[in-house]
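A short worksheet on the structure shown next.
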Amino acid sequence: MAAPVSSAPRTVGEIYRDYTARRAGLVRALTSDVEEFYAFCDPEKENLCLYGTPSGSWEVSLPAEEVPPEMPEPALGINFARDGMKRRDWLSLVAVHSDAWLVSVAYFFAARLNGNDSVRKRLFNMINDHPSVYESMVDRKQRENKSGVDNSVKSKTSTKVTRLAFFFVMQRSSDGKMKNSRSAAVEDGFEDDEEHSETLCGTCSGLYNSNEFWIGCDICERWFHGKCVRITPAKAEQIKQYKCPDCSKKSSRQ
């Protein structure tokens, strides 16, 4: 059973961050963690629900025992239909229900925003800036299919180099500064958009796009849109070791 909400978000910013974190967890369950998620949804078990958590993780568990529940509940009994449908159709159904649940949770919290229509409209627009869970899942599948075709004509050596370049790209530029960003990978010809399409921004949970500037935290190893952490390519060139906002706060407390 999902843990109760200990501190409900009370502002547009807090509700939005709660939404993006829960959304990130659900996207991960239906894409990069899909095999683990599929195994959890055993039809022989009781009614199960897929939850996205405020920490950005996901869990499959029984629904809340409270009646009425403390907050909106996701679709009940998703495991029962798993073996009676094509896998793709079942995952799509779970994704659509997950989108409906995310919106219902966000507006459950937003109902307490002092009846301000303009504030709720702002929240609506912020949420709509993100692709839905269903869209993210379909996009990931299409990228994987395309990657499968492309990889058939690539050498194993080339693929290995691409992976290493993504995870360990700490190239020195001609002036000796460290290039600690996605742009460095692109400049050096190592970036593989399909290979890493599951990467999510640590701030807004948006999916990776090679047309945007990203930067990686050297402490927690998460990736961020440059615009989300207010880092430009020029500024990144001057940073020897980048700490994301969360890691910077932790360092200041120690």
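The values are calculated or read from the model by the stated rules, or taken from the named source; none is laboratory data. Everything numeric here is computed off the predicted structure, so don't read it as measured data. We place every Cβ from the backbone using ideal geometry, glycine too, and count neighbours over all the protein chains shown.
Wholly within the stretch 100-176, which helices (runs of 4 or more DSSP H) include no fewer than the required count, namely at least 3 residues that are modelled with pLDDT under 60?
Ranges flagged: 133-151, 156-168.
Can you tell me how many residues in the stretch 197-219 are part of a loop (DSSP other than H, G, I, E, B) and either in contact with an Asp or Glu (Cβ under 7 Å, 6 or more places away or on another chain) or under 24 Å from residue 134 (Cα atoms) (or both)?
Matching residues across the stretch 197-219 total 14.
So, in the stretch 223-238, of the ones that are assigned to a loop (DSSP other than H, G, I, E, B) and at pLDDT 85 or above, which residue ends up surrounded by the fewest Cβ atoms within 10 Å (Cβ to Cβ)?
230
Contact list please: Cβ distance under 6 Å, first residue in the stretch 200-219 and farther than 11 Å from residue 231 by Cβ, second residue among the aliphatic types (A, V, I, L, M) and at pLDDT below 85, pairs at least six apart or on different chains.
Between residues of the stretch 200-219 that are farther than 11 Å from residue 231 by Cβ and residues that are among the aliphatic types (A, V, I, L, M) and at pLDDT below 85, there is no close pair.
Quick check on this structure: which one of 63, 68, 72 is at pLDDT 90 or above, assigned to a loop (DSSP other than H, G, I, E, B), surrounded by fewer than 18 Cβ atoms within 10 Å (Cβ to Cβ) and not aliphatic (A, V, I, L, M)?
72
Are any of the residues in the stretch 13-24 part of a loop (DSSP other than H, G, I, E, B) and small (Gly, Ala, Ser)?
Within the stretch 13-24, none of the residues are part of a loop (DSSP other than H, G, I, E, B) and small (Gly, Ala, Ser).
List, please: which pairs have Cβ atoms under 6 Å, are six or more places apart or on different chains, and start with a residue in the stretch 26-48 that is within 17 Å of residue 141 (Cα to Cα) and end with one that is modelled with pLDDT of 95 or more and of a type in the set (Ser, Thr, Tyr)?
Hits for this filter: 26/98.
Only one of (1) closer than 23 Å to residue 21 by Cα; (2) touching a Leu at 6+ places or on another chain (Cβ under 7 Å) is not met by residue 40, so which one is it?
Against the list (1) closer than 23 Å to residue 21 by Cα; (2) touching a Leu at 6+ places or on another chain (Cβ under 7 Å), residue 40 comes up short only on (2).
Being crowded, with 21+ Cβ neighbours inside 10 Å and not hydrophobic (A, V, I, L, M, F, W, C) narrows it down to one of 107, 51, so name that one.
51
Among all residue pairs at least 6 apart or on different chains, which show Cβ distances below 9 Å where the first residue, located in the stretch 68-86, is under 16 Å from residue 42 (Cβ atoms) and the second is part of a loop (DSSP other than H, G, I, E, B) and charged (D, E, K, R)?
Going by the 9 Å Cβ cut-off, the qualifying pairs are 77/46; 79/42; 79/44; 79/45; 79/46; 82/42.
Here is a list: 106, 81. Which entry is within 17 Å of the chain's Cα centre (by Cα) and of a type in the set (Gly, Ala, Ser)?
None of the others qualify; the one that does is 106.
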